[in-house]
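**Student:** Before anything else, here's the structure in question.
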Amino acid sequence: MSAQIEGQGVINEKNLVADVEHAPSNDAKVLEVVNADFALALSTGPQLSPYSWRSLQLFAILLVSFMGSLSNGFDGQVMSAVNGMEQYLNYFGISGLDAGGGVGTKTAIIFGIYSIGSIVGVVVAGPASDRFGRRGGMALGSLIIIVGAIVVTLAKNTNYLLGGRFVLGFGVSITTTAAPAYVVEMSPPQWRGRLTGMFNTFYYSGSILCTGITIATARIEKPIAFRAPLAIQIVPAGILLIFAFLLPESPRWLISVGRNDEARQILAKYHGDGDENAPLVQLEWKEFKESIKLNASDKRWWDYSELFNSSNARYRTFMMLLMGLFGQWSGNGLGYFLTILFQNAGVNSQERRLVLNFANTLISAGGALIGTSLTDKVGRRTMWFWGTLACSVMLAIVTGCTAEFGRTGANITGANTAIAFIFLFGFVFSMTYTPLQAVYPAECLEYNTRAKGMALNAFVVSCASFVNTYAGPIALGRIAWKYYIVYIVWDLIECVIIFFCAVETKGRTLEELDEIFASPHPVKASIQRHKISVVGKAGKTLIIEEDRV
């Protein structure tokens, strides 16, 4: 197979064509790549600089969409911190003062109702993102989050608290469907892993802010101690609501509704530095036109059949659901109840537990940033397998140290070791799952099913999260540290499934992944590499595929 560059910037089905000059050369540069056409487009077209004006514009655009993840981060960590406050527990009559935080059925319902809201929100999330565009989905979700945050902040009793958390979960379900789809569709393919991973990393921006604030407000004896951190969740949702319709729409969505001229202008502006004839722009445009259907199921709000109607679609959906499930059941469910874990490890001071909760958030954020930087280098499959295995090891050490040295305070060094490995677990989990949870499901889904697929992913995440948040406080109240063993064993099972089933998605455009999922052996096809020769000859660039590695 060969791909050739010549002529005036026209693409046909076999050759990627652009106007490129070369000094005559008979030397061939041999490379190993996963896709020859994509490698050719990147090597011969204008090189996108992350410091160019267009790239900086794109980063600012994506920063707005990152507010959807930041809002989710607020809720994920603010409830963990607030649940460890005596002021909160006393105000709402929740048991758990002696456990280091709320435990039991009442806490389980308060945490679990958020997941129920997210499950219900799935019904709206996919159709809204398809009908009104990715921007419309982000705006709608943000508006609902603001309403829920106001109700939770002003709650006078647990009924208000439950109602507000249901609404919050409903809104977050919509933003976490529309926002990552927007990011993955707007990102140039060579930066897609890092940019989409950065989306999920912004979860920790919200987490750091709210857990830091709780350290200060916990010193206040009045209800403002827990109301102030809850109120701040309004800020990122407000930013997203205000600026959503000032963003350019996803070019893939524009094509799906027949607005081709707008789509091509946006694609050229942010993927080709303004050049519509850039090889990468032409390659993506050709693939968009071939893969995006004007009459597909994304135009019918009730039709989810394209997620399951072929072996290709079923494997894509399987991969997406695996990430959604594993991303909630790899031990991170314990993170909602960190103050209780610290109490189990022998930390009896409320202020110290909150400080440790804040420190854990900072360490986890560092792991997420490192993982995001590695996503496009190491690959999704490799990070997923080794990261999950490391999570199991870290939890096993936490369990052993807590069982031996926790609570009694008999060995301060042993108790501190348990705390250190709680931190290390958060670091490893965040390095692995924070970037992958955003990028991998969106990559595995083709355009026509992406919004509904991400909604289904949100449904699975919410169901898994509900199990975590409902079972967690009850199990921790009854069997304490023994509950950790469930996650240790499950992580090892996950590793086996990942090794045999997980597809590598790095190094391809979203549309090129169709070839992988259509293969009889998707895993083998995804990790197979091609050895190519890049030859400059007679003013043209010729890429020759020599063999498969």
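**Student:** Given the options 415, 455, 403, name the one that is assigned to a helix (DSSP H, G or I) and within 17 Å of the chain's Cα centre (by Cα).
**Tutor:** Numbers: 415 fails: within 17 Å of the chain's Cα centre (by Cα); 403 fails: within 17 Å of the chain's Cα centre (by Cα).
Every option except 455 fails the conditions.
**Student:** Continuing with the same structure: Going by the structure shown, is residue 476 under 25 Å from residue 172 (Cβ atoms) and not in a helix (DSSP H, G or I)?
**Tutor:** The answer is no for residue 476.
**Student:** What about residue 339, is it closer than 20 Å to residue 513 by Cβ, polar (S, T, N, Q) and either modelled with pLDDT of 85 or more or surrounded by 18 or more Cβ atoms within 10 Å (Cβ to Cβ) (or both)?
**Tutor:** no
**Student:** Of everything in segment 490-538, what is among the small types (Gly, Ala, Ser) and either modelled with pLDDT of 60 or more or open to solvent by less than 20 Å² (accessible area, probe 1.4 Å) (or both)? Give them in sequence order.
**Tutor:** Those that are among the small types (Gly, Ala, Ser) and either modelled with pLDDT of 60 or more or open to solvent by less than 20 Å² (accessible area, probe 1.4 Å) (or both): 502, 507, 518, 519, 525, 526, 533, 536.
**Student:** Could you check, for segment 393-404, whether at least one of its residues is surrounded by 24 or more Cβ atoms within 10 Å (Cβ to Cβ), among the polar types (S, T, N, Q) and at pLDDT 90 or above?
**Tutor:** no
**Student:** Which residues, counting only those in segment 207-227, are surrounded by 21 or more Cβ atoms within 10 Å (Cβ to Cβ), assigned to a loop (DSSP other than H, G, I, E, B) and either touching a Phe, Trp or Tyr at 6+ places or on another chain (Cβ under 7 Å) or among the hydroxyl-bearing types (Ser, Thr, Tyr) (or both)?
**Tutor:** Those that are surrounded by 21 or more Cβ atoms within 10 Å (Cβ to Cβ), assigned to a loop (DSSP other than H, G, I, E, B) and either touching a Phe, Trp or Tyr at 6+ places or on another chain (Cβ under 7 Å) or among the hydroxyl-bearing types (Ser, Thr, Tyr) (or both): none in segment 207-227.
The values are calculated or read from the model by the stated rules, or taken from the named source; none is laboratory data. If you're wondering where the values come from, they're calculated on a predicted model, not measured in any experiment. Neighbour counts are summed over all protein chains in view; Cβ atoms, including those assigned to glycine, are modelled from backbone coordinates with ideal geometry. For accessibility, only protein heavy atoms count, side chains too; no ligands or nucleic acids. Shrake-Rupley method; radii C 1.70, N 1.55, O 1.52, S 1.80 Å.
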